[in-house]
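Below: the structure, in structure tokens.
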Amino acid sequence: SSPDSYKLSGTTYSKDTYSNIPSSILDKLDRNLHLLPSHPISILRQIVEDHFSSYTPLVPSSAVVSVHQNFDELGFPPDHPGRSLTDSYYLNRDYMLRTHTSAHEVESYKKGLNRWLLSADVYRRDEIDSSHYPVFHQMEGTHIWDNSELHNLPALNAELEKKLEECNILIEDETVISPSNPYQAHHDPIHAEQITRHLKHSLNSLIFRLFGHHASQKGAEPLKVRWIEAYFPFTTPSYEVEVYWNGQWLELLGCGVVMQKTLDLSDVPKKSGWAFGLGLERLSMVLFSIPDIRLFWTSDPRFLDQFKQGEITTFQPYSKYPPCYKDMSFWLPPSSSVIEEHGAAAAGGRLPVEGGVREKAKAFHENDYCEIVRDVAGDLIESVTLIDEFTHPKTNRKSKCYRLNYRHMDRNLSNEEVNELQDQVQRRVVEEMGIEMR
Ligand code: PHE
């Protein structure tokens, strides 16, 4: 890649005002953790593929998709926040790194398959803590039927409900069809209800497969799973499934009945069905007891050698080296204090519009800050937390103080090393974000 273009697997993408991908992210493009046979991410992929054994597994060729594929085709409105430069990675105004595996729905339906699974790395700009990383892995799964088959969906396995009870998993589902989560107007409600039931049954049975062993351990608290109403532009009704883990509800997947528009666009207008998108990191952290999302990226054999294909085992932490934190206080650029005060929601680095491109994107955004921290410190940064905010009573200028917590996964970090990283971060944020150290 050069200053004015990205070169990725033989294709050149010329840069423009949208381009915002640092090299630390580009480096991740060919890691393919989900394809390393005995990596936890891949172990789960294989178990899910095994569970849905009649579904065709697909692997897309590149993480680069068109903005059209990632958003437009799926009905995302033009002002959807996911499109903003602070949330997504753009090669240029037309191409981006996929933010979800749903970006491949249309091309996959076009292959004429009724049942498929698709696994891939996905990219989102985000905050920094133990469960967020700008690259993660998702699995998309879908089942569609010819409309003529819908009156006669395969009988659901009544034994599942019994099994779920016996193995100590409590599945809470109080979702209802309502104006906020309706069936599609042109779907026969009887068919839509059958698809929804088949969807819930299929995913509950996957949950049983994944958590059954864990939850049936003697004396264990029942595992709580809940279905809640959700919203996605490309499904309705839509749901999320969460699991109660270490005192909080964790989102495992999103799903729903596929929007008929998507299927029309995929040249299969006479079919309907369901789709889900499952986050593999979250699920692995829970099932293998992996405490920090950065561990997935380590090449330390003390991590990698612990896992075996086909097996869900408990991670044995091999050490926890001491953290080292440094605080950083700075004044925001004057313009962004003003923008924040006026509460202009669209100012914070949203999608640039024709004409007024970069000026507006200057407002301080935490994701931009975190991006620089990651670019400098790589996997040595564990968390970035806002610990103080202050507005000067006379000048009205805003300041923020962040605590940067550094920790090496495999060895001790020296204070000098950390100071050096902290200095580099400071230099870069001053240069690139127009902020002023206090
Ligand atoms: N793509 C959605 C996400 O990443 C998940 C999803 C997939 C929802 C398929 C519905 C259907 O959040």
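Values in this text are rule-based calculations from the coordinates and carry no lab data. Only a predicted model underlies this, so the values are computations on that prediction, with no experimental measurement involved. Cβ atoms come from the backbone with ideal geometry, glycine included; neighbour counts cover every protein chain shown.
Magnitude of the charge dipole for region 67-196, about its Cα centre and with charges confined to Cβ atoms of Lys, Arg (+1) and Asp, Glu (-1), is about 560 debye.
Under a Gaussian network description of the chain, with springs only between Cα atoms under 10 Å, the residue in Asp16, Asp27, Asp375 that fluctuates furthest is Asp27.
Once the Cα-Cα distance is subtracted from the 0.36 nm per residue extended length, the Asp129 to Arg427 segment shows a gain of 105.0 nm.
Counting every pair of alpha carbons in region 5-304, the share spaced more than 27 Å apart comes to 43 percent. For the chain, the 222 nm mean residue ellipticity estimated from helices alone, with every DSSP H stretch of n ≥ 4 adding -39500 (n - 2.57) and the total spread over all residues, rounds to -8000 deg cm²/dmol. When +1 charges are put on Lys and Arg Cβ atoms and -1 charges on Asp and Glu Cβ atoms, the dipole computed for the chain relative to its Cα centre reaches about 280 debye.
Partners of Lys224 within straight-line reach, counting aspartates and glutamates whose Cα lies under 16 Å from its Cα and excluding those fewer than 8 residues away in the same chain: Glu161, Glu165, Glu166, Glu172, Asp173, Glu174, Glu240, Glu242, Glu251. Helices assigned as whole DSSP H runs in the chain whose Cα atoms extend at least 20 Å along their own long axis and whose mean Kyte-Doolittle hydropathy is 0.5 or higher are not found. Along the charge dipole of region 5-304, Cβ charges K/R +1 and D/E -1, which of Tyr13, Pro233, Leu203 sits furthest on the positive end? The residue sitting most towards the positive pole is Tyr13. Full extension of the chain between Thr12 and His151 gives 45.1 nm of extra length, using 0.36 nm per residue less the Cα-Cα distance. Set the Förster distance to 45 Å, then compute FRET efficiency between Arg411 and Lys110 from the Cβ-Cβ distance, nearest 0.05. With R0 = 45 Å, the Cβ-Cβ based efficiency is 0.35. Shape call for region 40-147 from the C-alpha gyration tensor, a ≥ b ≥ c root eigenvalues: rounded (a/c under 1.5), prolate (a/b greater than b/c) or oblate? It comes out oblate by the Cα gyration axes. Taken along the Cα-to-beta-carbon direction at a fixed 7 Å, the label points for Gln248 and Phe390 span 2.8 nm.
Bridgeable aspartates and glutamates around Lys398 (alpha carbons under 15 Å apart, same-chain partners fewer than 8 residues away excluded): Glu340, Glu341, Glu366, Asp388, Glu389, Glu436. Among the listed pairs Lys111/Lys163; Lys271/Lys308; Lys163/Lys308; Lys200/Lys270, a Cα-Cα separation exceeding 29 Å is found for Lys111/Lys163; Lys271/Lys308. Ignoring aspartates and glutamates fewer than eight residues from Lys110 along the same chain, the ones with Cα atoms less than 19 angstrom from its Cα are Asp72, Glu73, Glu140, Asp146, Asp264, Asp267.
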